[in-house]
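Below you'll find the structure, written out as structure tokens, and then a few comments.
Throughout, read-outs are computed from the coordinates displayed, never taken from laboratory work. All values reported here derive from a predicted model rather than from experimental measurement. All Cβ positions, glycine included, derive from the backbone under ideal geometry; neighbour counts span all protein chains shown.
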Ligand code: SF4
Ligand code: SF4
């Protein structure tokens, strides 16, 4: 059988590389080995979590959504099992993103690009698409032959089937995405009854098309050209970071091993090409560290198969550190040092942010008050000469039951409070807010002009729940005429 090889085109060494180069299509070969098995396991877990998570139920009581993971845009709430996030608490989301970023920094400084190689959605869906492609069109050489062959009924049927299956997966992916924003069983019923809103259709179609294009067509180009992460992840690397690396000191000079004296002058690399044939980004790891390498370690599996066959020690391509490589190349002993200043700093930051998030969640209040002061007019002078300011009070009742409060204000001597729509004024006002809602009230504060010693008086609104005594406070000002 003729072995067909395709390799990335390279500019001659004395020529400037062109600014634009046509894509050289990559035909990754199937490989088996421990890293491939690990990749399958991560892929199955990631896809299972993504497709099934919207179907998890979580009882929050009558009248409340029972979907464990839900972003309810209409009600402006995000639900994560027992946690309910209001729009005013978006800092929890910010905290989660910071936590994720620091976690990624830590993992990258320890293990290189394992996120890219194993769990990035682009990698997971591309791997799934390649598996389907291999099932229908065969392995690397068969696919190269098929692409070069003229169009026949058989080729058309294979290509059509492949793209149809890719589209089905893309549609399932887009469909699962919108279920995170809608009740999954209700949405599934609506789809059956062809009764889906335009917004849901738009986002499902958007995610269907991006999945199909990015995983089916763009593939490694997303990692190489579109994703910013490879460009700054090098800042997290140091000499002790484990990366997929070719042990050049052992492999070179490379060449076909033949029986006899000549083989003794060669390194361990038999130049079989298996490492770049299995590479999903089509690069040759023997050329050194490259931005295109996503750290998937499939070349390690491929090379170890070859090393076993030719009876040479495994791990000519290995997860290794630059420090280890240099130590071994000079006959020293290698040792991985996961604990070092960089990783300690990332771990400490992770702990601090994680602890702050947990504390914030544990102390999360079910009551909050926001005050907006009227700007136009700043104040009104009443017929009796007293000064009046208007405020909009928003009370966030995050509890599941109706609650009654007493609203007071500190800082205005001889001041009185009047609720909009009420005749009488008093020192305080009684307010009731329905469960799980924001109660909005218009309040006027009035003070005799003579009692105002300055143009702007700092004041504090206090809110106290009648039943429990839970309180919330908010600062504002009371404005009068110039003195
Ligand atoms: S060089 Fe190896 S680790 Fe890097 S992307 Fe290719 S197969 Fe994966
Ligand atoms: S798979 Fe191993 S032996 Fe074969 S070319 Fe790559 S590094 Fe050399």
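Look at the alpha carbon pairs under 8 Å that are at least 6 residues apart: their mean separation over the length of region 34-236 gives a relative contact order of 23 percent. Taking the number of Cβ atoms within 10 Å of each Cβ as an exposure proxy, the fewest-first ranking of 55, 82, 166 is 82, 55, 166. Label sites at residue 71 and residue 217, each approximated as a point 7 angstrom past Cα along Cα to Cβ, lie 2.6 nm apart. Helix 91-111 against the longest principal axis of the chain: what's the angle in degrees, Cα atoms only, rounded to the nearest 10? Helix 91-111 sits at roughly 20 degrees to that axis.
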